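Remarks on the structure that follows.
The values are calculated or read from the model by the stated rules, or taken from the named source; none is laboratory data. It should be emphasised that the depicted structure is a prediction, and the values quoted were computed from it without experimental measurement. All Cβ positions, even for glycine, are placed from backbone atoms using ideal geometry, and neighbour counts span all protein chains on display.
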Amino acid sequence: MKGSAVSLFAMVAALSGCTVGPRDLDAHAVLPPPSQPQRFAPHSGPEQSTRDTEVAKDWWRAFGSPELDALVDDALHHATDLAVADAALRQAREQAGAVVGSTLPQIDAGFQTQRTRVSNSLAPNVTDATQYLYTLHTAQVTVSYGPDLFGGNGARIRSARAAADVARYRLEAARATVVANLITAVIQRAALADQIDAAKTSVSVNRDILQNQVRRQQLGAIGAADVATQQAALATAEAALPTLVRAEAHQRVLI
């Protein structure tokens, strides 16, 4: 009787252990606090507030520039980082599917045909020799399933799916990085182009002023100091132009 009680206790302990598996960490994950509306005071006008809104995946099309849309489409199509991230995502999804498939019941079916002739020495003499031939058909179906007693299969499935989610987030991050870097370069190049135009205008204006100052000096209206001051202003305007040109060329290479 004592042995039966010990066996019963061991069985109950084993079955209760089956309920002890990996904990669902998602239920205890610490989430960041929800974002609050932001307020900012512009240099002029009333105070404004912003709220979280869903951003479209092709948000750059809101600029309304077909040239920019074409640049972004070309960058997304030829970016090697995106190709690598996309391949990693496909691999992670295939691995997750394989893990899920390994936990399902496995079915194996087979069919075999065998034709045999019995030796005449082992059978009585008969008139028709074909009765010594017989055919054997064998069909076999095997079903196997491993029960998830301790939750290991469920944990492997969650881990594989989480890896696929990570790969998807990495692809989205790589895509956002490519688009953001490209658009930043385009905007900076446009700004530098405007600065170059302004610098060229400044050089032209200062050169005209210098010519006017030289004529006035020849007429005796102003002295040499005024001409020297204007020459310095022209040199300053001309010195700023090469730096802007090099910066614009660098942004053009990035694009």
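Could you pull out the residue among Ala176, Ala160, Ala228 that is out of contact with any strand residue (DSSP E or B) (no Cβ under 8 Å at 6 or more places or on another chain), in contact (Cβ under 8 Å) with a residue 60 or more places away in the chain and small (Gly, Ala, Ser)? Explain how you work it out, then say what you get.
Details: Ala176 fails: in contact (Cβ under 8 Å) with a residue 60 or more places away in the chain; Ala228 fails: in contact (Cβ under 8 Å) with a residue 60 or more places away in the chain.
Exactly one of Ala176, Ala160, Ala228 is out of contact with any strand residue (DSSP E or B) (no Cβ under 8 Å at 6 or more places or on another chain), in contact (Cβ under 8 Å) with a residue 60 or more places away in the chain and small (Gly, Ala, Ser), namely Ala160.
Restricting the search to helices (runs of 4 or more DSSP H) fully inside the range 1-118 and requiring at least 1 residues that are modelled with pLDDT of 80 or more and surrounded by 12 or more Cβ atoms within 10 Å (Cβ to Cβ) gives 66-78, 80-102. Picking from residues in the range 180-202 that are surrounded by fewer than 16 Cβ atoms within 10 Å (Cβ to Cβ) and aliphatic (A, V, I, L, M), the one that is farthest from Thr236 (Cα to Cα) is Ala180. On the given criteria, is Arg216 surrounded by 11 or more Cβ atoms within 10 Å (Cβ to Cβ), assigned to a helix (DSSP H, G or I) and free of Cβ contacts under 8 Å to residues at least 12 places away in the same chain? In short, yes.
For the range 185-203, the criterion of being under 20 Å from Asp74 (Cα atoms), at pLDDT 90 or above and of a type in the set (S, T, N, Q) is met by at least one residue.
Report yes if Arg175 is under 22 Å from the mean Cα position of the chain (by Cα), basic (Lys, Arg) and surrounded by 17 or more Cβ atoms within 10 Å (Cβ to Cβ), otherwise no. Reasoning before the result, please.
Numbers: under 22 Å from the mean Cα position of the chain (by Cα): yes; basic (Lys, Arg): yes; surrounded by 17 or more Cβ atoms within 10 Å (Cβ to Cβ): yes.
When the stated conditions are applied, Arg175 passes them.
For the condition closer than 19 Å to Ala92 by Cβ, crowded, with 17+ Cβ neighbours inside 10 Å and either touching a Lys or Arg at 6+ places or on another chain (Cβ under 7 Å) or not β-branched (Val, Ile, Thr) (or both), Ala164 qualifies.
Do we have Thr142 as in contact with a strand residue (DSSP E or B) (Cβ under 9 Å, 6 or more places away or on another chain) and modelled with pLDDT of 85 or more here? Judged against the criteria, Thr142 is a match.
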